[in-house]
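Notes follow the structure.
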Amino acid sequence: MKVIEFATHRPVSVFIFAVAAIVFGVVAFQNLATDLLPDITYPSLTVRTTYEGAAPAEIESLIARPVENAVGVVNNVVRVISSSRADVSEVTLEFAWGTNMDLAALDVRERLDLLRLPADAERPLLLRYDPSLDPIIRLGMYGERDLVRLRLLAEEQVKRTLERVEGVAAVVVAGGLEEEIQVELDERQLANLGLDADRVLNRLAQENINVTGGRLKEGQTEFLVRTINEFVRPEDMLPIVIDSSRGAIVRLADVATVRRGHKDRELITRIDGQESVEVAVYKEGGTNTAQVSDQVRVALAPLEETLREFDPNLRLAMITDQARYIRQSVSEVLRTALYGGVLAILVLFLFLRSWKTTSIIGIAIPISVVATFFLMYVFGISLNIMSLGGLTLGIGLLVDNSIVVLEAIQRKRDQGLDDLSAAREGAGGVSRAVIASTLTTICVFVPIVFVEGVAGQLFGDQALTVTFSLVVSLIVALTVIPMLASRSFGSARNPQPTEPSRSAIARIPYSFSVLLVKIVKTAGTGVARLIGAVTAPPLAAFQKLFVVIEQVYDRLLASVLRWRWLTVVAAFGLLATSLMLFPRLGRELVPELVQGEFYVDLELPPGTHLDVTQRRLDAIEKHTAAMDGVVMVYGIAGTSNEQGGVAGELRENVAQLTVTLAEPVSREREDRRMDDIRQRLDVEDDLDYRFSRPTYFSFRTPIEVEIRGYNLKLLERLSSALTTRMAAIEGLTDIEASTEGGNPELQIRFDRERLAQLGLALSDIAATVRSKVQGTVATDIHREDRQIDIRLRADEPFRDSVQDLLQLTVHQQGKTAIPLSAVADVEEVEGPAEIRRAEGERVALVTANLAGRDLGAVSEEITTALESIQMPPGYDWRIGGQRQEMETSFDSMRLAILLAVFMVYLVMASQFESLLHPFVILFSVPLALIGLLGTLWVFSVTVSIVVLIGAILLAGIVVNNAIILIDYTNQLRRRGARKIDALKQAGRVRLRPILMTTATTVLGLLPMAIGAGAGNELRRPMALTVIGGLIASTALTLLLIPAVYSIVDRRD
């Protein structure tokens, strides 16, 4: 090939290109973003609308349904689901995978802007689930008893300091108490004076002004005219004149009390039993998570000193830090890659028995790896456990091409050729096979475009990384390896190419290249001599073992070619037996990552007050904090935690614990702590709970069953029957139904005739009740750059009970006050706590987690349980959650595997110019299933998309050995050898390179397969898949492929 001739004749050029690749690769590596996983964006949007004071039924009719109708017609929407709870509606749109979510969000926002909702409803928020939008750091600030001051310090000191850190996009403060000025009206005094709340509200807004008066010129001076009349202190409001129409001046102080207070608490945060304020730090898109975390930590040290100046007891505690797990995962991947590379080099040394030739391949590995970093930077791929895992997978594959080329060169040298000729002819003779084997591995990644679900999101970076590394390794094998091989052996009989005369300056690069080669050569020789005495015995022993392997293989191959039909039948019998293991393996979407922390979501009966929720949470916190191995317990009452950039739901009866364990972490330790907490929670009858780990792959629980219908009572009965049956299924925990419990409501039913007689409008009366019970923000006070709301509502004694509510003045006619009791009845009832809808129908949602069993097996038992429930007409069920996502991903992965095999066949057909021989080579693929399934069964690994990704990669790898074998067989036959003789000779000649390439790939992946570090849950199944499949396929390829070839190719 011309490339090989160029490499052997232009060593300086090859050297310069290699150095440039290394330099650019190193620079790119330093600038690559570091994250845990690739960008995983689910094609979903959530529309959250807050309508304070509204019950779930009103939320459904006034908010959820109109929003569903408005946004449900957006392009590529495949499913619309909604949840209506007290005060809030959430409508989730699920789009087809591959949808441009930026354009979809714009389309949804346009339709929401045209929607007319109740006047008191807040503007709908558009939320997007994206794990990269989670805060990278969550801090807890505690130690100050004054919670208003604690929050103020968090906002003015911590938030402002951290927002200045490079790479920080936003800092959000939650918890504590938020300051508010409260104007509480005396209902009786207002009634006596013939005034209403609207009058007070309007006067407050009118008096709190600060507007421009224009410009005024006097002489040569121009003045800006300003009207200054803003409230500065709460006391400034008391002298305001509310009314003077009746001859007497009525001031605000006569009808209301003004005090400094705080907004009604929506959530309470606590660290190890002390009330705290949470500070969440968000990074800018595309920045390095680890670097931003480091800079935040640097800013925290002086910040803590500053805070102690305000209060010596103030502390900042690190609740979560994504960078910690990212660093651990990335360093673990790099460590396994290093170990794999070292093992690959050692096994090469055993086969080649020369440090000189081994060092040539040793040079090829770092060049290929470092150059791959440059391509990753160009294509915007971050350093994450999937991309680095792909690079680790590629470590063993990187040397395959170099092994085949170098082994061919060595064979030519053994035949008596000089170094230069051996490099040209040896590399040229195998170049077609090397290119073909590389293309077969690369082409299996083409079907990635058809992979839907989270598999496509995860697989993309890894596919590109493996592709880049293989392309670079192919270039290195056809350039750097021949160049070094043609100059590294050194022999007196080697003819030296005549160099044209050069000037002194022109010879500098060439001389430097020659010097470098000599240094490498000398170093290799020195190392070989130094450790020769140590390595000689194992090398001799290995050589004897290999001679035995060759002899055994020769006899086996002769027997196989004699009994070829029996061999084929036996191989496929073994394959059929191994396929029986598949149903026993179990299935899951993606293995859970163990990070040393987990969440406990708690839910008390609807209507439970926040203070009660906090007291119950506090008792559980204390119990958990006393457990062995627990280093921190962070509790938050009133909301669940934010996930994927979507804020948790705000409800006074919900809470969440974040439990952090001491290192080293393991799944067994986490599971034991979870079981301990479960035992504590099971004694509380009115408490529902659910455990979860930090997730990056799905925002759904493993099991979600929807029962469709309209009648809420009937849905509750059906879901209750299902939860009873699910409780008997082994492996299900944290079973919950959305219809459990009810929300206590005070329903006001107006007397329409009485309202008509009094000339009152129902909407006005309803608004008045809302204003006096919940309060209305009349205006605000500006203090420095903060805005403090002034809230107007009835004084607390007038809204303390149902009887007080009936006495609220809803209208004033002269001095006659009309109480609510005169125009309405108030009834205490229990309404639904939540109303869920899916695709326009009401549904009851039953959810559950898994413990000790796989998702596929449990789903089948749940299906059986559902079929045993008699559904009324018009009611049906559907299983969703992670099970649905798993089925979507598995279906597309199965298609991708078939397309990958098809692509491999096309490449080989083009390479061999034959339709028959590629068909023979494809027999290697099903043979890999024998080792794949056997390995997964032995190591108790469930089938997940990670395993299927390994299977796709395996389809491109296992054919390489057969390609090398069949290619050399065809070469021998073209030289005149008979078919059987050619097969025997090809087997003997290609046995060493086949075993070398397999051994380097297997040993390169071995550290990944046996490692137990951070993120190993994703790496280990893939490594075991490739190792098991490759070992079995190699062993059977060496025997079965010759047998099939001799049967299919009838030419002698």
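Throughout, read-outs are computed from the coordinates displayed, never taken from laboratory work. Just so we're clear, the structure is a prediction, and the values are computed from it rather than from any experiment. Positions of Cβ are backbone-derived with ideal geometry, glycine not excepted, and every protein chain shown enters the neighbour counts.
The value for segment 237-332 of Rg(Cα) / (2.2 N^0.38 Å) is 1.96. For the residue pairs Lys283/Lys622; Lys356/Lys412; Lys544/Lys984; Lys159/Lys283; Lys159/Lys263; Lys356/Lys544, the C-alpha atoms sit more than 24 angstrom apart in Lys283/Lys622. Only aspartates and glutamates eight or more places from Lys979 in sequence, or on another chain, were considered; those with a Cα closer than 18 Å are Asp554, Asp967, Asp1049, Asp1052.
In this structure, Gln274 and Leu238 have a Cβ-Cβ separation that, at R0 = 35 Å, corresponds to a calculated FRET efficiency of about 0.40.
Using alpha-carbon pairs under 8 Å, 6+ residues apart, how would you state the relative contact order of segment 231-312 in percent? Can you show the working numbers first?
Details: 39 pairs, mean separation 11.5, N = 82.
The normalised contact order for segment 231-312 reaches 14 percent.
In terms of the mean number of neighbouring beta-carbon atoms within 10 Å, the peptides 403-414, 265-276 order highest first as 403-414, 265-276. Look at where the Cα atoms of segment 199-270 and of segment 564-614 average out, and the two centres are 63 Å apart. What FRET efficiency comes out for Ser763 versus Ala1035 if R0 is 60 angstrom and r is the Cβ-Cβ distance? Round to the nearest 0.05. E between Ser763 and Ala1035, to the nearest 0.05, is 0.15. The spacing between segment 290-358 and segment 453-472, judged by their C-alpha centroids, is 23 Å.
Each part reduced to its alpha carbon centroid, segment 44-65 and segment 404-444 end up 69 Å apart. Principal-axis analysis of the Cα atoms of the chain puts helix 979-1010 at an angle of about 30° to the longest axis.
Compute the normalised compactness of segment 867-907: alpha-carbon radius of gyration over 2.2 N^0.38 Å, N being the residue count. Numbers along the way, then the final one.
Numbers: Rg = 18.0 Å, N = 41, 2.2 N^0.38 = 9.0 Å.
Output field value: 2.00.
The local environment of Gln410, defined by Cβ-Cβ distances under 11 Å, has a net charge of +3 under the rule Lys, Arg +1 and Asp, Glu -1.
Kirkwood hydrodynamic radius of the chain, from the reciprocal of the average inverse Cα-Cα distance over all distinct pairs: 34.0 Å.
Using per-residue counts of other Cβ atoms within 10 Å, averaged over each peptide, order 107-117, 362-372 from highest down.
Working: 107-117: 14.6, 362-372: 22.5.
Going from most to least packed, we get 362-372, 107-117.
Computed over the Cα atoms of segment 66-207, pair by distinct pair, the Kirkwood hydrodynamic radius stands at 20.3 angstrom. Taking 0.36 nm per residue of separation and subtracting the current Cα-Cα distance, fully stretching the chain between Glu753 and Arg260 would add 173.3 nm. The label-point distance for Lys622 and Phe572, in a model that sets each label 7 Å from Cα toward Cβ, rounds to 7.2 nm.
Within 10 Å, count the other beta carbons around each residue, average over each peptide in 940-951, 244-255, 212-223, 849-860, and list them highest first.
Listed from highest to lowest mean packing, they are 940-951, 849-860, 244-255, 212-223.
Given 10 Å bins starting at zero, what is the percent of C-alpha pairs of segment 130-197 in each, up to the one with the largest pair distance? Once binned at 10 Å, the Cα pair distances of segment 130-197 give 16, 32, 20, 14, 13, 6, 0. A simple spin-label model places the labels of Ala119 and Ile1010 7.5 nm from each other, with each point 7 Å out along Cα-to-Cβ. Summing +1 for each Lys or Arg and -1 for each Asp or Glu among the other residues whose beta-carbon sits under 10 angstrom from that of Arg988 gives +1. Once the Cα atoms are used to define both axes, helix 289-310 deviates from the longest principal axis of the chain by about 40 degrees. Computed over the Cα atoms of segment 1-111, pair by distinct pair, the Kirkwood hydrodynamic radius stands at 18.6 angstrom. A straight chain from Val298 to Ala541 at 0.36 nm per residue would run longer than the Cα-Cα distance by 81.9 nm.
A straight chain from Val73 to Arg1050 at 0.36 nm per residue would run longer than the Cα-Cα distance by 345.5 nm.
Based on the alpha carbons, how large is the Rg to Rh ratio for segment 999-1049 when Rh follows Kirkwood? Please list the in-between numbers first.
On the way: Rg = 15.1 Å, Rh = 12.4 Å.
Result for segment 999-1049 is an Rg/Rh of 1.22.
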